[in-house]
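Every read-out reported here was derived from the displayed coordinates using simple, explicitly stated rules and does not represent laboratory data. Fair warning: this is a prediction, and the values are worked out from it, not measured in the lab. Glycine gets a Cβ as well: all are built from the backbone with ideal geometry, and neighbour counts include every protein chain shown.
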Amino acid sequence: MTDFQVPSWGYWVMGVGFIVFIALLVAYIHKNRGFKRPFFASPYVLWLIVFTVLPCLLVCYFSFTDPAGNFTLDNFKNFWDSNYNARKAIDPAELDTYLSMGLTLNDLGLARNSINIDTLVFSLWMAFLCTVICLLLGYPAAHIMADRDFKLGPTLVILFIVPMWMNFLLRTIAMMSLLEDNGLINTILEWVGIGRQKLLNNTAAVQVGMIYNFLPFMVFPIYNVLNKMDYKLSEAAMDLGCDKWHTFYKVTLPLSVPGIVSGITMVFMPAVTTFYISRLLGGGKVQLFGDLIEAKFLSTSVTEWNVGSALSLLMMILILASLGLLRKADPKGEGGGIV
Amino acid sequence: MKALKRIYLGLILAFLYIPILVLIIQSFNAGESRAKWEGFSFVWYGKLFNDPNIMHSLWITLSIAVLAALFSTILGTLAAIGIHAMRKRPQSLMLTLNNIPMTMPDIVTGISLMLLFIFTRVERGYVTMLLAHITFDTPYVILSVMPKLKQMNKNTYEAALDLGATPMYALLHVILPEVMPGVITGAMLAFTLSLDDFTISYFTTSPLVQNLSTLIYSQARKGIKPTMNALSALMFVVLLVLLLLVNKRTDEEKS
Amino acid sequence: MKKMVSLALMMALCLALIPAHAAQEVVNVYNWYDYMDEEVFEIFEQETGIHVNKMYFTTNEDMMLQVEVSPGAYDLVFPSDYCVERMISKNMLAEINFDNVPNFVHIQDSLKNPDYDPENKYSVPFMWGTVGILYNTKLVDEPVESWGILWDEKYADSIFMMDSMRDTLGVALKYLGYSMNSRDLIELKAATDKLIAQKPIVKAYYVDETKDKMVAGEAALALIYSGDALYAMEKNEDLDYAVPMEGSNVWIDPMVIPATAKNKENAEKLIDFLCRPEIAQKNCEYIWYSSPNADAIELMGEDYTENKTINPDPDVIQRCEFFHDIPDDKLTLYNNFWGQVKNAK
């Protein structure tokens, strides 16, 4: 069918590989005279190889090849300059004719174009903004709920968890119907006398949607850490003459860093890679990096997959790097995921 | 000060809940319009249960979640036991490998699996979606079983073997009961994760096999029908009740 | 032992959870959203016992990619004319056995042996229509005669464009006086600039959402397919449809069978069924596109023939052109320029 699919001998290789794996396992068990516990992990090792390592290698392979399967760095060059592939596709003679007419590449719309980078930077900015706002909104909320004197705290936390477990597409749709031209907010605005505003299909709508979706992911880990924290520490600080704010800065805040880190991870990561929120709330006008990748794979043509793979690979590296940085801030992973 | 705090919390919760509440109220609207209230009615709930598309995808969602949770729990528990008993080097290698699916952005996981299925000419559909779900569920099972294994006495397994137990017997009757709480947490985590997944399912299934998320996404493009509001309302209520029940139970256990 | 039994029971339960694949005759249909009266499929199922699996796509480009990467998943597809051209050139289509499609006789002769399928081996026309502007007469006072109205600042934030590469680029090309099939770099660049300049006043880029949003009165103007326009006009009488004088796109959506189809004969049965005049009529009265079925048109009578949206005047058709397939190297340019529009800030 299509060129990139595995050739028939590939199945032989896979089959032989599987048999070799089993044979090695059996030989190893035999050599060690008996079944050791580590062997319990072998089905999962196989699973990881087939469904995690192999797909990742495939993405790498596509990133470094052209549609014909030859090694190339063009996909990355195309990331840097989104017109790179188009310039290559055009007949050089045709291009020369235009250039000799005194037209520049810029006139032809083929000069270096930084769309991909701009979109990435824009996505990072949106995700950063979303993370900061979630932190600013979420930290005080978590702090209030974790207060020992606040009896309602544990019950209210449940209310923060419920939306987290509810299908986020339904939640985004809920937001969408609120922001619509004849949605609740506009109806109220008109009733008050301000008049209808354009609330949907712009950057702000996408940002609100992201905050709305991810805020609980910030509140919960911070609450967890604050809740487990030894309240005697802050009491001791107070007894030693610290005022309220000082205690917060010197004791509570540093101790809640693991929760903050975990919250940042859980908000920033999905915020960078989202594509459905911008699609639903941005009306096709707001493109994030996730949209760019999704479009390369699902709505153009197979020849774009190589470029799309390169973009995915870059995103993966970016995420791993930022995770590495965050891990440094919370080496033991105390913040704990809740997911 | 105290009142201020409460108002603040109230505002945040309002931000989170007003959209959902509006959806729920709209689900009882007799008319299709979102702007006009045309009377209270259960008509959309009736339509919801008679909509074959929604019912079919509900079935797919639930069956995939159950199967994925089951398989990933078995696979993950075995793996956790194995990894726990490994020497330092292979252990850290395995843990790193195990971390990859968790740290990878969903969209990249989805795309890479899609590439794998297309590359190997496996027709995308129910089975591929299930495989994908097991793949992203298992690391979380391992993550929740590992701490329980660390708490266990290292020598009980060896003692069981010395006393003549086969590895399988020792696994089932010595290790498993000890780590059961972790296994159950892992299974529940896996179940909810796969119940909620959109991105990975979106890339690994065919238009014929839709789970709720992908169905909602495709319907959202055509304009939201009030049946979707009814579905949201139902899911919200079920979730709220479940969580409150679980919470009550844990509270009772504590006291 | 008890445990083993319960384990076995659990396994059995799990197996029961896997959706049963009954050994039933099926046909997998891949169609546009809202492009078929679903009752028609029900009648077909009752008549033949063949179960119709329905799948949907939004743009031609999505569809072609899916047919290419999921061989065997689709038995009957509804691409547009230019895509049929492309799919034929890529050997993606199976020849239809016309012995199984006796109802083909009902198709208008003028639509047989079309440019995209000169020997008429691969396709049977399903519907045809135009692309134009749907406008709300309460919000638009002036007559809609030119594509230029879509660039009018007066309607800022009240215009829906199409999230579909060929259609939207085609309109910009046409507005500038070029062919919708332009392969000329300078013309394409000019159209791209035009669309980027328009982006700030566009409310959203939609395809399937447009008609319902126009019915709800959420915008003054929308780029739309003629059938969607009629659907909207039925539901909201303030709406009207026009094909601008610069000309537009006239298209045919034929039915084709992918080369990899697993149920080719069932697909042929369904094609034949859909060509039956009463069925074609039922469909046509539901989705409001123009029928290629001469006998169905006769059945529908004056309501249909008098309708100018369904049956544009010959001079309107004269101004319109068909899309044609764009060769791969130029398609890269199209993709590239469309990307520039979509990602423009």
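Across peptide C:56-69, the average count of Cβ atoms from other chains found within 10 Å of a residue's Cβ is 4.
Under the combined filter of DSSP loop state and at most 16 neighbouring Cβ atoms within 10 Å, segment C:249-345 retains these GluC sites (Glu not before Pro): C:Glu306. Shown for chain A are the DSSP H helices of 30 Å or more along their axis, judged by Cα atoms, with a mean Kyte-Doolittle hydropathy of at least 0.5: A:8-31, A:115-146, A:203-228, A:305-329. For segment C:222-280, the fraction of alpha-carbon pairs lying more than 18 Å apart is 59 percent, rounded to a whole number.
Between the C-alpha center of segment B:9-34 and that of segment C:298-312 there is a gap of 44 Å. Each peptide in A:54-62, C:245-253 receives the mean, over its residues, of other Cβ atoms within 10 Å, and ordering these scores from highest gives C:245-253, A:54-62.
By the count of neighbouring beta-carbon atoms within 10 Å, fewest first, C:Asp325, B:Asp197 end up ordered C:Asp325, B:Asp197.
Under a Gaussian network description of chain A, with springs only between Cα atoms under 10 Å, the residue in A:Ser309, A:Ser278, A:Ser299 that fluctuates furthest is A:Ser299.
Counting only Cα atoms, segment A:8-65 measures 46, 23, 13 Å along its principal axes, largest extent leading. The mean count of C-beta atoms from other chains within 10 Å of the C-beta of residues in C:327-337, rounded to a whole number, is 6.
Averaged over residues, the count of other Cβ atoms within 10 Å places the peptides C:54-63, B:42-51, A:173-182 in the sequence A:173-182, C:54-63, B:42-51, highest first.
A 28 angstrom limit on the alpha carbon distance is what I want to check against. Which of C:Lys90/C:Lys269; A:Lys328/B:Lys88; C:Lys90/C:Lys112; B:Lys225/C:Lys90 exceed it? Provide the component values of the computation, followed by the final result.
On the way: C:Lys90/C:Lys269 25 Å; A:Lys328/B:Lys88 21 Å; C:Lys90/C:Lys112 22 Å; B:Lys225/C:Lys90 39 Å.
B:Lys225/C:Lys90, as the Cα separations exceed 28 Å there.
Among the DSSP helices (H) of chain C, those spanning at least 18 angstrom by Cα along their long axis with an average Kyte-Doolittle hydropathy of -1.0 or more are C:2-17, C:185-198; this is a geometric and hydropathy rule only. Annotation: amide H of C:Val26 within the under-5 Å range of C:His51, sequence separation 5 or more or interchain, hydrogens built in the peptide plane. A Stokes-Einstein calculation at 25 °C with viscosity 0.890 mPa s, built on the Kirkwood radius of segment A:133-270 over Cα pairs, returns a diffusion coefficient of 144 µm²/s.
Can you check what the net charge comes to around B:Asp137, using other residues whose Cβ is under 15 Å from the Cβ of B:Asp137 (Lys, Arg +1; Asp, Glu -1)? Don't jump to the answer; show the numbers that get you there.
Values: positive: none; negative: B:Asp106, B:Asp196, B:Asp197.
Taking every Cβ under 15 Å from that of B:Asp137, the sum is -3.
Helix check for chain B. Which DSSP H runs span at least 24 Å along their own axis by Cα, with a mean Kyte-Doolittle hydropathy no less than -1.0? Before the final figure, lay out each step's value.
Working: long enough: B:2-26 (34 Å, 1.75); B:52-84 (46 Å, 1.52); B:126-151 (38 Å, 0.71); B:176-196 (30 Å, 1.20); B:226-254 (42 Å, 0.82).
Those that clear 24 Å and a mean of -1.0 are B:2-26, B:52-84, B:126-151, B:176-196, B:226-254.
Counting only aspartates and glutamates at least 8 places from B:Lys148 when in the same chain, those with an alpha carbon closer than 15 Å to its own are B:Glu178.
Taking 1 over the mean of 1/r across every pair of different Cα atoms in chain C, what Kirkwood radius in Å do you get? Before the final figure, lay out the partial values.
Working: mean 1/r = 0.0463 Å⁻¹.
That comes to 21.6 Å for chain C.
Tell me the mean residue ellipticity at 222 nm calculated for chain A from its helices only (DSSP H runs of n ≥ 4, each -39500 (n - 2.57), averaged over every residue, nearest 500).
Values: 17 runs with 227 residues, N = 339.
Result for chain A, helices only: -21500 deg cm²/dmol.
Here segment C:164-240 and segment A:11-55 have alpha carbon centers that stand 56 Å from each other.
Enter the Cα centre distance for the pair segment A:185-221 and segment B:176-255, rounded to the nearest angstrom. After rounding, the separation between the Cα centres reads 25 Å.
Per-residue packing, averaged as other Cβ atoms within 10 Å, sorts the ranges B:179-192, C:100-113 into the order B:179-192, C:100-113, beginning with the highest.
With 10 angstrom as the radius, rank C:Tyr334, B:Tyr169, C:Tyr135 by how many other C-beta atoms surround their C-beta, starting from the fewest. It would help to have the intermediate numbers written out before the result.
Working: C:Tyr334 20, B:Tyr169 12, C:Tyr135 28.
Fewest-to-most Cβ neighbours within 10 Å comes out as B:Tyr169, C:Tyr334, C:Tyr135.
Three principal axis extents describe the C-alpha atoms of segment A:60-217; from largest down they are 76, 45, 25 Å.
Per DSSP H run of at least 4 residues, take -39500 (n - 2.57); add these up for chain C, divide by its residues and hand me the 222 nm value, nearest 500 deg cm²/dmol. Let's see the in-between values first.
Working: 14 runs with 143 residues, N = 345.
Mean residue ellipticity, 222 nm, calculated: -12500 deg cm²/dmol.
Using the 10 angstrom Cβ neighbour count as an exposure proxy, how do C:Val67, A:Val132, A:Val219, C:Val26 rank, fewest first?
Neighbour counts put them in this order, fewest first: A:Val132, C:Val26, C:Val67, A:Val219.
Every helix of 4 or more DSSP H residues in chain B counts as -39500 (n - 2.57), and over all residues that averages to -26000 deg cm²/dmol at 222 nm.
Where the eigenvalues come from the Cα gyration tensor of segment C:272-318, what are the semi-axes √(5λ) of the equivalent ellipsoid, largest first, in whole Å? Intermediate values should be presented prior to the final figure.
Values: eigenvalues 78, 22, 17 Å².
Value: 20, 11, 9 Å, ordered largest first.
Shown here for segment A:188-238: trypsin sites (Lys or Arg not before Pro) in loop regions (DSSP other than H, G, I, E, B) with at most 16 other Cβ atoms within 10 Å, namely A:Arg196, A:Lys198.
If Lys and Arg each add +1 and Asp and Glu each add -1, what is the summed charge of the other residues whose beta carbon sits under 11 Å from the beta carbon of B:Phe117?
After counting each charged neighbour, the total is +1.
Comparing A:Tyr98, A:Tyr139, A:Tyr11 in a Gaussian network model of chain A, where Cα atoms under 10 Å apart are tied by springs, the biggest mean-square fluctuation is seen for A:Tyr11.
Hydrodynamic analysis of segment B:55-223 uses the Kirkwood radius over alpha carbon pairs. Inserted into Stokes-Einstein at 10 °C and 1.306 mPa s, it gives a translational diffusion coefficient of 92 µm²/s. Shape annotation for chain A: C-alpha extents along the principal axes are 79, 79, 37 Å, from largest to smallest.
What net charge is computed for the residues neighbouring A:Leu280, neighbours being all others with C-beta under 14 Å from the C-beta of A:Leu280, Lys and Arg scored +1, Asp and Glu -1? Before the final figure, lay out each step's value.
Numbers: positive: A:Arg171, A:Arg279, A:Lys285, B:Arg221, B:Lys222, C:Lys213; negative: A:Glu180, A:Asp291, A:Glu294, C:Asp163, C:Asp208, C:Glu209.
Local charge sum for A:Leu280: 0.
Of B:Pro207, B:Pro167, B:Pro226, the residue with the greatest mean-square motion in the GNM of chain B, using alpha carbon springs below 10 Å, is B:Pro167.
Any chance you could list the semi-axes, whole Å, largest first, of the equivalent ellipsoid that the Cα gyration tensor gives for segment C:34-128, using √(5λ)? Please list the in-between numbers first.
Working: eigenvalues 90, 76, 34 Å².
The three semi-axes for segment C:34-128 are 21, 19, 13 Å.
Taking the Kirkwood radius as Rh and the Cα radius of gyration as Rg, the protein assembly as shown has a ratio of Rg/Rh equal to 0.98.
From other protein chains only, count the Cβ atoms within 10 Å of every residue's Cβ in A:83-90, then give the mean.
Values: counts 5, 1, 4, 11, 3, 2, 8, 6.
Averaged over the peptide's residues, the number is 5.
Evaluate the relative contact order of segment A:1-122 (contact order divided by residue number), counting alpha-carbon pairs under 8 angstrom at least 6 apart; express in whole percent. Before the final figure, lay out the partial values.
Details: 52 pairs, mean separation 23.5, N = 122.
In percent, rounded to a whole number, it is 19.
Under the rule a/c < 1.5 gives rounded, and otherwise a/b versus b/c splits prolate from oblate, where does segment B:1-102 land using the Cα gyration tensor? Oblate, because a/c is 1.5 or more while a/b does not exceed b/c.
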